[in-house]
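Accompanying notes for the structure given below.
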């Protein structure tokens, strides 16, 4: 989904905010694990394209460069002043005039530059190609889809369509599982409860199925469109793909650049059923394809 275009006509789906540890005491913020609520941006036309609900990540530049936090834009860019005490270089703090409100959560495991450069899609992001580009840099719809596959899930399962997403998580009581529908980007409303994780995931799949079936299949190098992810007990992420003729599951290969693919199933429910040994197992017992 495009949220705007660059002046040379490239679709924008999200943003990368850059942080220089030589200017801002970024490491202190990351160590505290606090939520980052605003970030400075340059005074370009791009700042006027930023708005509530848009996906964004934070990039730490320098020797240990990596994506270190992820979240969403929470409002329009506003003029303001920087907090010099949070800056390593107070002189540069005075130059910051424009700030975007965000909700960025620190990643437990950063995504380093080397991982992006080795990725068939993310190696082409503007951040890596145009190193002198001012803050923020963009990600295209295809790049955001690839990036989402590397970021941690807000729930143990996500199934998405072109218009909305459904999350599945354990209830706070621990007695069952709930399905959440995304009302706004990053904001989910609880819509149903289920006794087993499989029942909950199947309910989410049923809610999304008609719209997914109506959408055209986009042929990336991996052979389909990523529509969802599940997390295994070992932290691996199973991708759910819509392909010609049905649905496939995939996990990253350990010893090569590529994916382990399941067989193709005619419906999304059939694929999900294949990932569970029994209907009553917990989400941490998912079987790798």
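The values are calculated or read from the model by the stated rules, or taken from the named source; none is laboratory data. As the structure is a prediction and not an experimental result, all values here were calculated from the model. Cβ placement follows ideal geometry from the backbone for every residue including glycine, while neighbour counts extend to all protein chains displayed.
Among residues of region 3-24 that are without any contact (Cβ under 8 Å) to a residue 12 or more places away in the chain, those with a Cβ under 8 angstrom from a residue that is crowded, with 20+ Cβ neighbours inside 10 Å and part of a strand (DSSP E or B), sequence gap 6+ or separate chain, pair up as 5/12. Among the residues making up region 12-50, those that are surrounded by fewer than 16 Cβ atoms within 10 Å (Cβ to Cβ) and under 21 Å from the mean Cα position of the chain (by Cα) are 33, 34, 35, 37.
Per the conditions (1) farther than 20 Å from residue 61 by Cβ; (2) touching a strand residue (DSSP E or B) at 6+ places or on another chain (Cβ under 8 Å); (3) modelled with pLDDT under 80; (4) surrounded by fewer than 20 Cβ atoms within 10 Å (Cβ to Cβ), the sole criterion not satisfied by residue 162 is (2). Residue count for region 133-145 under the criterion of being out of contact with any strand residue (DSSP E or B) (no Cβ under 7 Å at 6 or more places or on another chain) and surrounded by fewer than 20 Cβ atoms within 10 Å (Cβ to Cβ): the result is 3. Can you work out which of the residues in region 96-132 that are in contact with a strand residue (DSSP E or B) (Cβ under 9 Å, 6 or more places away or on another chain) and assigned to a loop (DSSP other than H, G, I, E, B) is modelled with the highest pLDDT? The qualifying residue modelled with the highest pLDDT is 125. Say whether the condition of being within 26 Å of residue 173 (Cβ to Cβ), touching a helix residue (DSSP H, G or I) at 6+ places or on another chain (Cβ under 7 Å) and modelled with pLDDT of 80 or more is met by at least one residue in region 271-283. Yes, the conditions are met somewhere in region 271-283.
How many residues are modelled with pLDDT of 85 or more, outside any helix (DSSP H, G or I) and within 26 Å of residue 54 (Cα to Cα) when one looks only at region 168-207? Within region 168-207, residues that are modelled with pLDDT of 85 or more, outside any helix (DSSP H, G or I) and within 26 Å of residue 54 (Cα to Cα) number 8.
Within region 42-63, the set of residues being outside any loop (DSSP other than H, G, I, E, B) and farther than 21 Å from residue 143 by Cα comprises 45, 48. Among residues of region 126-145 that are closer than 17 Å to residue 51 by Cα, those with a beta-carbon under 6 Å from a residue that is in a helix (DSSP H, G or I) at least six positions away or on a different chain give the pairs 137/126; 137/127; 138/126.
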